[in-house]
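Shown next, in structure tokens, is the structure this report addresses.
The values are calculated or read from the model by the stated rules, or taken from the named source; none is laboratory data. Here the structure is a predicted model, which means the values were calculated and not measured. A quick note on method: Cβ atoms are made from the backbone with ideal geometry, for glycine too, and the neighbour counts reach across all protein chains shown.
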């Protein structure tokens, strides 16, 4: 069954209607709980269209009422995975990659984590998204009930009044739209997860989820959904498979083009000057380390030991050690850049190192349990 | 795992954040939907979990643990016995508007006029009609789009979350000038950023306001959670810091004391402290009254933009 692709949807009409694309994900999570495959589900609790917080539950009713993914709430859920319980979590590709990296570093057992992957074309910073509704459309952001990116269009859905639509290109030219790290992220289908779900490939007149089964754990969840009669499904056709891959290919092309633009801002003859200038603003708040899902060192971290802000190197040892530490492990999730209080383009810088390393040594972090080649296994590491 | 949205009490920016409570204790998380900081925090904010994990204060009278009502009654009894002329109420901006209002009301009921948020010296030196400039605030987006910004006797490193706004302003072509105390400047159309803190020179504060014409906007950054609110609520009138140091004040009710002033309180005849955690100051107190931790309070503060914001948003 692994490697099979289906169009699936929730049998319960309410779940099907509420779900982002047919409600398969919600149905599978509920089935996993009912069948005892998982103990908990890690999901997000929606506060409004621009804010969500992680939430752990074992109650199928709470899963049923949970929100579909929110584009303007850029969380990385890997940091909230509990230890020692079987948990299912909906993952963007960067969540899934982070989970794999954290499992490698002994934070939890990967066998305990069921990753229900969601296709991702990027997430958006909440504050600038609120501003975009106000500034691009002159509309009160509180009237927005949903945000989607579909066919290159950014759509703000509203219960009252017409939906607000702008091409994502145009929004981004005006300084809104997706997070910078998402614009050049070229991993859109969570192929490292247990299931990859989304609406890419689904005929436009059908409310269904395109589901690819990627592992034995993915099979378990799909089987549970079948067994509990939570879903209906059919095999994905060749045409649907190709349509999905075509969308993915197009997204990756755009991301790679964006990466060339972003990485091209550096003068190749004097990259060091660029790094020194950018890191000179660092106030050593350590937020980038705290939110980094692949960094599991705690208070005894080398970067903290040696990287006080008052050392006299042109780039502080804190940042130097982090560069070294992440050059084979950065998954480009953008969390560091999100929280940097002085706007250092941290993800871009770390990705410049990581992508070069990837080319040199052929290791891509977050896709399997292979150890990072530059790091000696530490205690507790598999 | 419980997420509680709150604001940082470290300075007047009042950065949004989450307090996360789980089996491991209290830590912070980044609230990216907060408009003033977009999820970003300085080191103080990052370490707030440690601050909130301090030993909570217990109600005590003369060092002996009692229930809250006993401590409250004893505090009132002793405060009523003091000479109002040598008694003060000091709240240096770590309290909500509602708490400051109640504190001011209590001072009034006890006939105590010596109230201070630590800024009386500076505020009283500014003509009354111009005091609204002290707490007007500026939307932080306006800083990014300003034509000219003057940083007068202001070190942005004390308020790290303002740095990115200034950097963005520079990238947008803003003329950004640092001006030392007493140096001449042309403030027409500028956003003037300076600091109003208990250590600020009162003459400089007055000079900034007097020299700014109608085209300028003034932003006084302030330490602690809610000095803006304290000033707006009129919680000033007497320079208590100086009066305590000169032994003019013998009895003091101190609300939510910040660190850095511990040496002042040794020689008081009566010290009542209300706080959310034990500290060097609470150890000196004759009577202590526990407060909820800041993120557990239901109330409002006035932030850097001059907006009244809830400590814990009620829509959450």
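Once the stretch A:48-94 is narrowed to residues that are free of Cβ contacts under 8 Å to residues at least 40 places away in the same chain and within 10 Å of the chain's Cα centre (by Cα), the residue that is nearest to residue A:116 (Cα to Cα) is A:77. Restricted to the stretch B:138-159, and to residues that are within 12 Å of another protein chain (Cβ to nearest Cβ) and farther than 26 Å from residue A:132 by Cα, which residue is surrounded by the fewest Cβ atoms within 10 Å (Cβ to Cβ)? Only one residue tops the list, namely B:157. Where helices (runs of 4 or more DSSP H) fall wholly inside the stretch B:138-232, the ranges with 1 or more residues that are farther than 27 Å from residue B:117 by Cβ and without any contact (Cβ under 8 Å) to a residue 40 or more places away in the chain are B:140-144, B:160-171.
Considering the conditions (1) outside the structural domain of residue A:33 (by TED's automatic domain parsing); (2) exposed (fewer than 15 other Cβ atoms within 10 Å of the Cβ); (3) modelled with pLDDT under 95, residue A:257 is excluded by exactly one of them, (3). Beta carbons closer than 6 Å, at least 6 apart along the sequence or on distinct chains, pair a first residue in the stretch A:276-288 that is within 11 Å of chain B (Cβ to nearest Cβ) and more than 19 Å from residue A:325 (Cα to Cα) with a second that is at pLDDT 90 or above and assigned to a helix (DSSP H, G or I) for A:283/B:160. Of all residues in the stretch B:14-23, those satisfying the criterion of being in contact with a strand residue (DSSP E or B) (Cβ under 8 Å, 6 or more places away or on another chain) and either in a loop (DSSP other than H, G, I, E, B) or under 21 Å from residue B:314 (Cβ atoms) (or both) are B:14, B:15, B:16, B:17, B:18, B:19, B:20, B:21. From the list A:148, A:101, exactly one residue is touching a strand residue (DSSP E or B) at 6+ places or on another chain (Cβ under 6 Å), outside any loop (DSSP other than H, G, I, E, B) and within 20 Å of residue A:189 (Cβ to Cβ). Which is it? Answer to the check: A:148.
This table checks each residue for (1) touching a strand residue (DSSP E or B) at 6+ places or on another chain (Cβ under 9 Å); (2) closer than 30 Å to residue A:4 by Cα; (3) more than 14 Å from every other protein chain (Cβ to nearest Cβ).
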| residue | (1), (2), (3) |
| --- | --- |
| A:251 | no, yes, yes |
| A:261 | no, no, yes |
| A:265 | no, no, no |
| A:292 | no, no, no |
| A:323 | no, no, yes |
| A:352 | no, no, yes |
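Taking residue B:26, is it more than 21 Å from the chain's Cα centre (by Cα), in a strand (DSSP E or B) and either at the interface with chain A (Cβ under 10 Å from one of its Cβ atoms) or farther than 22 Å from residue A:284 by Cα (or both)? For residue B:26, the condition - more than 21 Å from the chain's Cα centre (by Cα), in a strand (DSSP E or B) and either at the interface with chain A (Cβ under 10 Å from one of its Cβ atoms) or farther than 22 Å from residue A:284 by Cα (or both) - is not met. Across the stretch B:33-46, the number of residues qualifying as in contact with a strand residue (DSSP E or B) (Cβ under 8 Å, 6 or more places away or on another chain), in a loop (DSSP other than H, G, I, E, B), surrounded by 21 or more Cβ atoms within 10 Å (Cβ to Cβ) and at the interface with chain A (Cβ under 8 Å from one of its Cβ atoms) comes to 6. Would you pick out the residues in the stretch B:186-209 that are closer than 23 Å to residue B:147 by Cβ and in contact with a helix residue (DSSP H, G or I) (Cβ under 8 Å, 6 or more places away or on another chain)? Those that are closer than 23 Å to residue B:147 by Cβ and in contact with a helix residue (DSSP H, G or I) (Cβ under 8 Å, 6 or more places away or on another chain): B:187, B:191, B:192, B:193, B:194, B:195, B:209. Which of the residues that make up the stretch A:104-131 are part of a helix (DSSP H, G or I) and within 14 Å of chain B (Cβ to nearest Cβ)? Across the stretch A:104-131, the qualifying residues are A:126, A:127, A:128, A:129, A:130, A:131. Residues in the stretch A:28-56 that are more than 8 Å from chain B (Cβ to nearest Cβ), surrounded by 19 or more Cβ atoms within 10 Å (Cβ to Cβ) and not in a strand (DSSP E or B): A:28, A:29, A:30, A:31, A:32, A:33, A:38, A:49.
Taking the conditions (1) surrounded by 18 or more Cβ atoms within 10 Å (Cβ to Cβ); (2) under 30 Å from residue B:48 (Cβ atoms); (3) away from every other protein chain (no Cβ under 14 Å); (4) in contact with a strand residue (DSSP E or B) (Cβ under 7 Å, 6 or more places away or on another chain) in turn, residue B:169 satisfies each one other than (3). The residues of the stretch B:94-111 that are touching a residue at least 40 places away in the same chain (Cβ under 8 Å) and in a loop (DSSP other than H, G, I, E, B), listed by number, are B:94, B:95, B:96.
In the condition set (1) touching a strand residue (DSSP E or B) at 6+ places or on another chain (Cβ under 9 Å); (2) surrounded by fewer than 17 Cβ atoms within 10 Å (Cβ to Cβ); (3) away from chain A (no Cβ under 14 Å), residue B:92 is compliant with all but (2). For the stretch B:47-62, indicate whether the set of residues that are over 14 Å from residue B:295 (Cα atoms), at pLDDT below 95, assigned to a helix (DSSP H, G or I) and within 12 Å of chain A (Cβ to nearest Cβ) is non-empty. Within the stretch B:47-62, not a single residue is over 14 Å from residue B:295 (Cα atoms), at pLDDT below 95, assigned to a helix (DSSP H, G or I) and within 12 Å of chain A (Cβ to nearest Cβ). Residues in the stretch B:177-206 that are surrounded by 18 or more Cβ atoms within 10 Å (Cβ to Cβ) and closer than 17 Å to residue B:129 by Cα: B:205 alone. When the criteria are applied in full, residue A:318 meets the requirement of being within 14 Å of chain B (Cβ to nearest Cβ), in contact with a helix residue (DSSP H, G or I) (Cβ under 9 Å, 6 or more places away or on another chain) and more than 24 Å from residue B:31 (Cα to Cα). Among the residues of the stretch A:9-18, are any within 14 Å of chain B (Cβ to nearest Cβ) and in a strand (DSSP E or B)? No: the stretch A:9-18 contains no residue that is within 14 Å of chain B (Cβ to nearest Cβ) and in a strand (DSSP E or B).
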